[in-house]
Amino acid sequence: NTDTFIHEFGHILGLEDYYDYSGINTPLVYDIMYHGLGDHNAYSKFNLGWITTSRLVVTDSSITLTLEDFSKNGDTIIIANNWDDKLGAYQEYYVLVYYTNNGLNAGEGNGYFDDEGVLVYHVNAAMYMQEGKDLYDVYNKNTDVTHEYGTKNNLIDYVLNTDGEHVYGVGDTMPTVTDDYGNELIYNFVVDEITSEYVTITFTLK
């Protein structure tokens, strides 16, 4: 079927499976490279050069940004502790998208998540150095650490809100999170407004 073709062609383009090969945990759901349904996520599109609009949060106090429906134009916001322009997609960072129950996400007439709002992805697609060259760590997958291909870090997973939900609504904030190096993320945010076309989010430097 079409979903299977898109999933397998994703591998030809260089994308990983995002499901756990060991079958123990489920760090990412509702993605074409996870269970063969839905759209490609923001990291996949960033990796493939398909993201056309993305902003890196940089502020010494606070800043309010507007985020448009991801399904329409691929709009994203990135937050990171130590962003390196040279590495691009291949480092550790957090990606925010405005998720809506339409387009490729409209499964069975309903969205994959109950609500529309902000999704936050934690990405660790870090590079490593070998013989003076930066290489992508192909072993950094979503597979449980006890599996032969598992590592302590996931390639991509969700950051749930303070209520343990995937989708952030008005008034929701990101809980305190630490990156895979044990460093607390230096930014926090709150979702201020959600409309049919966009959300507004205020980011604050801790």
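Scanning region 176-201 for residues that are open to solvent by 30 Å² or more (accessible area, probe 1.4 Å) and either out of contact with any strand residue (DSSP E or B) (no Cβ under 9 Å at 6 or more places or on another chain) or assigned to a strand (DSSP E or B) (or both) gives 178, 182, 183, 184, 188, 190, 192, 193, 194, 195, 198. In this entry, residue 34 passes the filter for residues that are touching a Leu at 6+ places or on another chain (Cβ under 8 Å), within 22 Å of residue 142 (Cα to Cα) and aromatic (Phe, Trp, Tyr).
Scanning region 1-29 for residues that are buried (at least 18 other Cβ atoms within 10 Å of the Cβ) and not in a loop (DSSP other than H, G, I, E, B) turns up 7, 10. Taking residues in region 113-134 that are closer than 16 Å to residue 156 by Cβ and open to solvent by less than 10 Å² (accessible area, probe 1.4 Å), and partners anywhere that are among the β-branched types (Val, Ile, Thr) and modelled with pLDDT under 85, not one pair has Cβ atoms closer than 6 Å while being at least 6 places apart or on different chains.
Checked across region 59-78, the condition of being open to solvent by less than 20 Å² (accessible area, probe 1.4 Å), in a loop (DSSP other than H, G, I, E, B) and of a type in the set (A, V, I, L, M, F, W, C) holds for no residue.
The set of residues in region 152-175 being open to solvent by less than 40 Å² (accessible area, probe 1.4 Å), polar (S, T, N, Q) and more than 17 Å from residue 80 (Cβ to Cβ) consists of 161 alone.
The values are calculated or read from the model by the stated rules, or taken from the named source; none is laboratory data. Everything numeric here is computed off the predicted structure, so don't read it as measured data. Positions of Cβ are backbone-derived with ideal geometry, glycine not excepted, and every protein chain shown enters the neighbour counts. Each accessible area value is taken on the protein alone, full model and side chains, heavy atoms only, with ligands, DNA and RNA left out. Shrake-Rupley method; radii C 1.70, N 1.55, O 1.52, S 1.80 Å.
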